[in-house]
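Colleague: Structure incoming, see below.
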Amino acid sequence: MAYERVLLGMGNPLLDISAVVDDEFLTKYDIKPNNAILAEDKHLPMYEEMASKSNVEYIAGGATQNSIKIAQWMLQVPDATSYIGSIGKDKFGEEMKKNSKLAGVNVQYYEDDKAPTGTCAVCVVGGERSLVANLSAANCYKSEHLKQPENWALVEKAKYFYIAGFFLTVSPESIQLVAEHAAAKHKVFMMNLSAPFICEFFKDVQEKALPYMDYVFGNETEARTFSRVHGWETDNVEEIAIKISQLPKASGAHKRITVITQGADPVVVAQDGKVKLYPVILLPKEKLVDTNGAGDAFVGGFLSQLVQEKPMEDCVRAGCYAANVVIQRSGCSYPEKPDFH
């Protein structure tokens, strides 16, 4: 089968604890709207508080895992995708395995016997989401697991790799192993800027992986943070996208392409020193449930066409379609079959 295990993702598998909260809740826990951060001690009581809310939902998540599940759903081809990450040996971990199996993703989790499965508080206010991740077991991933023959076989088999920037905080050495393999074998290696804090506080590991990135995904806030951190003195997303695409590359097999989403504004795609803008599908405000997983879904839709070697226009259109589906539902969930042509 042409698409068997063609796409491999690596990241932090987290169980989303999603609830509608109010501004007071955000203030209480010092959370900015529409942001993504790692939990500190001051945030830990919020998980219990959210779990006690009547509208709470538990959804298997984690940025990369979301994207891979969406790609698998859009492809509708059995066993096209694989995913690697670390979970705990607990109820949430079992839930995660069940959920991934149902999604048709071939998962190879490292199971940590000390730490509980990671969770992510998804605080929804007015349809916008703010994320606070308590990585726990997800933080325990080691490159030794990746090097095991049955797991490395997934790397050998895949032609496309996607890793969210969040994984840079966990196992930069695993990222490096896959990145070097992709460059040596002329495969496609892709990452996401993922969050302003990654660009700011994990700049060194991000810069080490950058030369290997054939595609860089991100949103406008992350792009602007990246620009500021690199002293570029521009807030213009199109300029930033071009600059990112022109940073040095480890391999000449593929020219780097930057893909930046901007919410309801057009998607910016930079390649060969030029920018192209693609409009998104606009959604009436009353149909918006929450934006949790919108960026992940965009990447998943995009990848579903990229692995079929479809043109850029189709990749972006599929990304916009998937994001549009997800924002009309709670968390990164989707109907049984896609309606994308």
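The values are calculated or read from the model by the stated rules, or taken from the named source; none is laboratory data. These figures come from a predicted structure and were not determined experimentally. Cβ atoms come from the backbone with ideal geometry, glycine included; neighbour counts cover every protein chain shown. When the accessible area is computed, the model is the full protein with side chains, heavy atoms only, and any ligands, DNA or RNA have been set aside. Shrake-Rupley method; radii C 1.70, N 1.55, O 1.52, S 1.80 Å.
Colleague: Could you check how many residues of region 92-120 are closer than 24 Å to Pro172 by Cα and of a type in the set (A, V, I, L, M, F, W, C)?
Modeller: 5
Colleague: Has region 131-153 got any residue that is on the phi > 0 side of the Ramachandran plot and either modelled with pLDDT under 95 or open to solvent by 30 Å² or more (accessible area, probe 1.4 Å) (or both)?
Modeller: So the first thing to find is which residues in region 131-153 are on the phi > 0 side of the Ramachandran plot, and the list is 136.
Still in the list and also either modelled with pLDDT under 95 or open to solvent by 30 Å² or more (accessible area, probe 1.4 Å) (or both): 136.
Yes, region 131-153 contains a residue that is on the phi > 0 side of the Ramachandran plot and either modelled with pLDDT under 95 or open to solvent by 30 Å² or more (accessible area, probe 1.4 Å) (or both).
Colleague: Going by the structure shown, is Gly62 under 20 Å from Val132 (Cβ atoms), in contact (Cβ under 8 Å) with a residue 40 or more places away in the chain and touching a Gly at 6+ places or on another chain (Cβ under 9 Å)? Full working, then the answer.
Modeller: Details: under 20 Å from Val132 (Cβ atoms): yes; in contact (Cβ under 8 Å) with a residue 40 or more places away in the chain: yes; touching a Gly at 6+ places or on another chain (Cβ under 9 Å): yes.
Considered against the rule, which asks whether it is under 20 Å from Val132 (Cβ atoms), in contact (Cβ under 8 Å) with a residue 40 or more places away in the chain and touching a Gly at 6+ places or on another chain (Cβ under 9 Å), Gly62 comes out as yes.
Colleague: Can you spot a residue in region 126-148 that is within 27 Å of Met50 (Cα to Cα) and either more than 20 Å from the chain's Cα centre (by Cα) or among the acidic types (Asp, Glu) (or both)?
Modeller: Yes.
Colleague: Another question, if that's okay. So, in region 260-269, how many residues would count as being touching a helix residue (DSSP H, G or I) at 6+ places or on another chain (Cβ under 9 Å) and open to solvent by 50 Å² or more (accessible area, probe 1.4 Å)?
Modeller: At the first step, the residues of region 260-269 found to be touching a helix residue (DSSP H, G or I) at 6+ places or on another chain (Cβ under 9 Å) are 260-263, 265, 267-269.
Those left that are additionally open to solvent by 50 Å² or more (accessible area, probe 1.4 Å): 263, 265.
Adding up the residues that qualify gives 2.
Colleague: Quick one: in region 204-225, of everything that is more than 28 Å from Ala264 (Cα to Cα) and out of contact with any strand residue (DSSP E or B) (no Cβ under 7 Å at 6 or more places or on another chain), which residue is surrounded by the most Cβ atoms within 10 Å (Cβ to Cβ)? Show your work before the answer.
Modeller: At the first step, the residues of region 204-225 found to be more than 28 Å from Ala264 (Cα to Cα) are 204-205, 207-209, 211-212.
Next, only the ones that are out of contact with any strand residue (DSSP E or B) (no Cβ under 7 Å at 6 or more places or on another chain) stay: 204-205, 207-208, 211.
Numbers: Asp204: 9, Val205: 19, Glu207: 12, Lys208: 14, Pro211: 15.
Filtering first and then ranking leaves Val205.
Colleague: Which of the residues belonging to region 227-259 are buried (at least 23 other Cβ atoms within 10 Å of the Cβ) and either farther than 24 Å from Val188 by Cβ or within 18 Å of the chain's Cα centre (by Cα) (or both)?
Modeller: Hits for region 227-259 are Thr258, Val259.
Colleague: Kindly list the number of the only condition in (1) surrounded by fewer than 17 Cβ atoms within 10 Å (Cβ to Cβ); (2) in a strand (DSSP E or B) that fails for Lys101.
Modeller: Just one mismatch for Lys101, condition (2).
Colleague: Here's something else I'd like to know. Only one of these conditions is not met by Leu38: (1) out of contact with any Ser or Thr (no Cβ under 9 Å at 6 or more places or on another chain); (2) within 23 Å of Gly93 (Cβ to Cβ). Which number is it?
Modeller: It fails just one condition, (1).
Per-residue answers, yes or no, for (1) among the aliphatic types (A, V, I, L, M); (2) touching a helix residue (DSSP H, G or I) at 6+ places or on another chain (Cβ under 9 Å); (3) open to solvent by 40 Å² or more (accessible area, probe 1.4 Å):
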| position | (1), (2), (3) |
| --- | --- |
| Tyr3 | no, yes, yes |
| Phe25 | no, yes, no |
| Ala36 | yes, yes, no |
| Ala39 | yes, yes, no |
| Ser52 | no, no, yes |
| Asn55 | no, no, yes |
| Ala63 | yes, yes, no |
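Colleague: Still on this model: Out of the residues in region 74-92 that are open to solvent by 40 Å² or more (accessible area, probe 1.4 Å) and touching a strand residue (DSSP E or B) at 6+ places or on another chain (Cβ under 9 Å), state the one that is farthest from Ala103 (Cα to Cα).
Modeller: So in region 74-92, the residues open to solvent by 40 Å² or more (accessible area, probe 1.4 Å) come out as 76, 78-79, 89-92.
Going one step further and asking which of them are touching a strand residue (DSSP E or B) at 6+ places or on another chain (Cβ under 9 Å), we end up with 79, 89, 92.
Working: Asp79: 10, Lys89: 20, Phe92: 16 Å.
In this case the residue turns out to be Lys89.
Results for (1) touching a helix residue (DSSP H, G or I) at 6+ places or on another chain (Cβ under 8 Å); (2) closer than 20 Å to Asn66 by Cα; (3) of a type outside the set (Ser, Thr, Tyr); (4) assigned to a helix (DSSP H, G or I), shown as yes or no for each residue.
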| position | (1), (2), (3), (4) |
| --- | --- |
| Met96 | no, yes, yes, yes |
| Glu111 | yes, yes, yes, no |
| Leu131 | no, yes, yes, no |
| Ala137 | yes, yes, yes, yes |
| Phe167 | yes, yes, yes, yes |
| Phe189 | yes, yes, yes, no |
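Colleague: For region 270-293, give me the residue count where each residue is at pLDDT below 95, under 21 Å from Glu238 (Cβ atoms) and surrounded by 18 or more Cβ atoms within 10 Å (Cβ to Cβ).
Modeller: The qualifying residues number 1.
Colleague: Output the residues belonging to region 314-341 that are in a helix (DSSP H, G or I) and among the aromatic types (Phe, Trp, Tyr). I'd like the intermediate steps shown before the answer.
Modeller: Within region 314-341, the first condition is being in a helix (DSSP H, G or I), and the residues that meet it are 314-326.
Matches in region 314-341: Tyr321 only.
Colleague: Say we look at region 27-75 and pick out the residues that are among the aromatic types (Phe, Trp, Tyr) and outside any helix (DSSP H, G or I); which of these is nearest to the chain's Cα centre (by Cα)? Break it down into steps so the answer makes sense when it comes.
Modeller: Restricting attention to region 27-75, the residues satisfying the condition of being among the aromatic types (Phe, Trp, Tyr) are 29, 47, 58, 73.
Remaining after also requiring outside any helix (DSSP H, G or I): 29, 58.
On the way: Tyr29: 24, Tyr58: 18 Å.
Residue satisfying both the conditions and the ranking: Tyr58.
Colleague: Residues in region 76-94 that are in a helix (DSSP H, G or I) and farther than 27 Å from Leu26 by Cβ: how many?
Modeller: Step one: filter region 76-94 for residues in a helix (DSSP H, G or I), giving 91-94.
Now restrict to residues that are farther than 27 Å from Leu26 by Cβ: 91, 93-94.
Count: 3.
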